[in-house]
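Everything on this sheet refers to the single structure shown next.
The values are calculated or read from the model by the stated rules, or taken from the named source; none is laboratory data. Note that the coordinates shown come from a computational prediction; the quantities given were computed from them, not determined experimentally. Here Cβ is always computed from backbone atoms with ideal geometry, including for glycine, and neighbour counts include all displayed protein chains.
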Amino acid sequence: MLPGLRRIGLATAIITAGLSLVTTAAADSLRIPVLVPITGFLSLEGTSQKNGAELALDGSDVAFDVADTATSPEVAVNAFERAMNAKDVVSVVAPMLGTQMLALIPLADEFDVPMITVSGTARITELGSPNVFRFFPGDVVVKAAHARYAVEELGAKKPAIISQTTAYGQSGRAELDRNLRALGQPPVFTEGLEVSVKDMLPVLSKVRDSGADVLLLHLHSGPTALVIRQARAMGLDIPIVAGSAMHQPETAALLESAELLGGCAESGWSPISETGPEFRAFADAYRKSFNREPDAFALGQYDGVNMVLAAIRGGARDAAGVRSWLESNRYDGLAMTYASDGKGNMAHSAVILCYIGADRVPQIVKRYRNVTGVL
């Protein structure tokens, strides 16, 4: 079994999940606040992030509190400031929503505390902060895989892009566009959607009229399911390769098996798609603790928190020590080996998953290892 799983006693971990504030361990312990969006349009992704952090922290000697940041930067800022009133904070599990991360970076620098996140927004590691550590492959990584799969494996000549208008959506759209152009196949159509949009037929009609031969999505969970369902209903018969939200079991549950069939997605990894004993142990413990299936966001946050715990076991006793350890060490997590590129990007590989069979478990059809050449 993976050392990280042995150390934390995963086989005996029983975690109580909930939306209310949760505190564990002794009052004088080192502390890692967990600040994540567990209500609002990012609730599925944020709950996975919370669960991954809890699974890593439960059974450790580190105290943690869970606070809901919803989807507002102001709520995230208030939660961060409250969390920093506690003593002995050595790191913060920070929200995956890009707009919240961008609002929190100045605070993290002011308090000089490292933030552990699975946010994909490219810009959060481009601002020069030494306190951002991303344990999910950012858009620079996954969008390279996304574009390469469309062009090199599916033969796309006229790709189309539908993205979200959030910071997350804008970041992914820019990276997709850049990569497609570098591959000699610029998009024939792009459009951004507000997360509140429910009727996807107007934008899908534009995709059809553009003559696109592959549709690339970079949307949150709910909009991803809506686009796929309505594309199937209108008979849009072109391959669809979605963003990482599509790999989530909760997203797949929003669709019928026939609607899922043939759909693909990029991601950092998919714990339910792996067959190794370490992944099975992780998935079993996750199901037992939370009564749901694990996804890439849960596993990335789990690995990220475990790297912080490894720093503590290695002698780090304050935020500066944790930050220094994260900056200078490699860590063999469950999903992959993590190491900073000097900007806080810790994950450098990606996968493409497709729903091939009748079940709701996607299969890994392509791996893109060490895309950034860091390892």
Filter region 328-375 for residues that are of a type in the set (D, E, K, R) and in a loop (DSSP other than H, G, I, E, B); the one that is farthest from residue 302 (Cα to Cα) is 359
If you check residue 303 against the conditions, is it farther than 13 Å from residue 54 by Cα and in the same structural domain as residue 52 (by TED's automatic domain parsing)? no
Conditions (1) under 24 Å from residue 299 (Cα atoms); (2) in contact with a Pro (Cβ under 9 Å, 6 or more places away or on another chain); (3) of a type in the set (Gly, Ala, Ser) -> residue 172 fails only (2)
For region 273-303 the number of residues that are under 24 Å from residue 150 (Cβ atoms) and under 15 Å from the mean Cα position of the chain (by Cα) is 4
Of those in region 211-236 that are part of a helix (DSSP H, G or I) and among the charged types (D, E, K, R), the residue nearest to residue 255 (Cα to Cα) is 229
Pairs returned, first residue in region 278-301 that is under 19 Å from residue 45 (Cα atoms), second residue that is basic (Lys, Arg), beta-carbon separation under 7 angstrom, 6 or more apart or interchain, are 293/287
Log entry, pairs with first residue in region 47-66 being assigned by TED's automatic domain parsing to the domain that holds residue 32 and more than 13 Å from residue 35 (Cβ to Cβ), second being among the hydroxyl-bearing types (Ser, Thr, Tyr) and assigned to a strand (DSSP E or B), beta carbons closer than 8 Å, six or more apart or on different chains, reads 57/24; 58/24; 63/23; 63/24
Within region 197-216, the count of residues that are surrounded by fewer than 17 Cβ atoms within 10 Å (Cβ to Cβ) and either closer than 25 Å to residue 140 by Cβ or modelled with pLDDT under 95 (or both) comes to 0
Only unsatisfied item for residue 303, checking (1) surrounded by fewer than 24 Cβ atoms within 10 Å (Cβ to Cβ); (2) of a type in the set (D, E, K, R); (3) assigned to a helix (DSSP H, G or I), is (1)
Has region 256-276 got at least one residue that is at pLDDT 95 or above and within 16 Å of residue 58 (Cβ to Cβ)?
no
Within region 63-83, restricting to residues that are surrounded by fewer than 22 Cβ atoms within 10 Å (Cβ to Cβ) and of a type in the set (Val, Ile, Thr), the one that is modelled with the lowest pLDDT is 71
